Amino acid sequence: MTLKKAILFVAIALISTSVFAQEKWTVDPMHSSVKFNVTHLVISEVEGSFKKYDGSLTASKPDFTDAAIDFTVDVNSISTDNEMRDNHLKSDDFFNAAKFPNMTFKGTSFKKLSGNKYLLSGNLTIRDVTKPVKFDVVYGGTVKDAYGNTKAGFKATGVINRFDYNLKWNSLTEAGGAIAGKEITMEIRLEFAKSK
């Protein structure tokens, strides 16, 4: 075998190995949550969540630093424990869920900072606006459950400005403060199951 052929053979073998080493993980919604909070009347906070969502990650490295992450949230599943407020949030003042039923996130990098702390970067689309965002992530670890399924847990937190995504409804109190704050704090706890 010539040197050129040997190099080509090794290159093909490495490419094949990297392709087959890719593992896909999907969100287990029974053990996950997507929550948010926003200031109300400047003095307190209102909490809410989205009940329906789906996501996946694909990675070949055991520390997930090469993970490709995709996540979709059903806007119509928003819940703040108040039907009138939820309907307002679904209206064109905020999400316009009828026209834009999904929020999407597509990761661009998952960088390990130290220990189990990571920085997740990606593009978040709400309505018809896409903006780059960053989330601080804590990796909880990987284990096998009682049924032999391999699970991995993550907690992501971050802050977005709702005005950046045309969720621009605003009203002021008598003192001049905003009824609803512009910054939304996200807290996303996800348990992924490795595909068999």
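The values are calculated or read from the model by the stated rules, or taken from the named source; none is laboratory data. Model, not experiment: these values are computed from the prediction. No Cβ is skipped: glycine too gets one built from the backbone with ideal geometry, and neighbour counts run over all protein chains shown.
Taking the stated definitions as given, is VAL75 surrounded by 14 or more Cβ atoms within 10 Å (Cβ to Cβ), in contact with a His (Cβ under 7 Å, 6 or more places away or on another chain) and either over 24 Å from SER109 (Cα atoms) or among the aliphatic types (A, V, I, L, M) (or both)? Judged against the criteria, VAL75 is not a match. Residues in the range 43-101 that are of a type in the set (Val, Ile, Thr) and under 30 Å from THR142 (Cβ atoms): THR58, THR65, ILE69, THR72, VAL73.
Residues in the range 125-166 that are touching a strand residue (DSSP E or B) at 6+ places or on another chain (Cβ under 8 Å), over 18 Å from SER33 (Cβ atoms), at pLDDT 90 or above and of a type in the set (A, V, I, L, M, F, W, C): ILE126, VAL133.
Flag: SER91 matches the condition of being of a type in the set (S, T, N, Q), modelled with pLDDT of 85 or more and surrounded by fewer than 16 Cβ atoms within 10 Å (Cβ to Cβ). Considering the range 46-99, and only residues there that are under 14 Å from LYS35 (Cβ atoms) and among the polar types (S, T, N, Q), the residue that is nearest to the chain's Cα centre (by Cα) turns out to be SER49.
Checked against the criterion of being among the charged types (D, E, K, R), in a loop (DSSP other than H, G, I, E, B) and out of contact with any helix residue (DSSP H, G or I) (no Cβ under 9 Å at 6 or more places or on another chain), the candidates ASP70, ASP81 yield just one match: ASP81.
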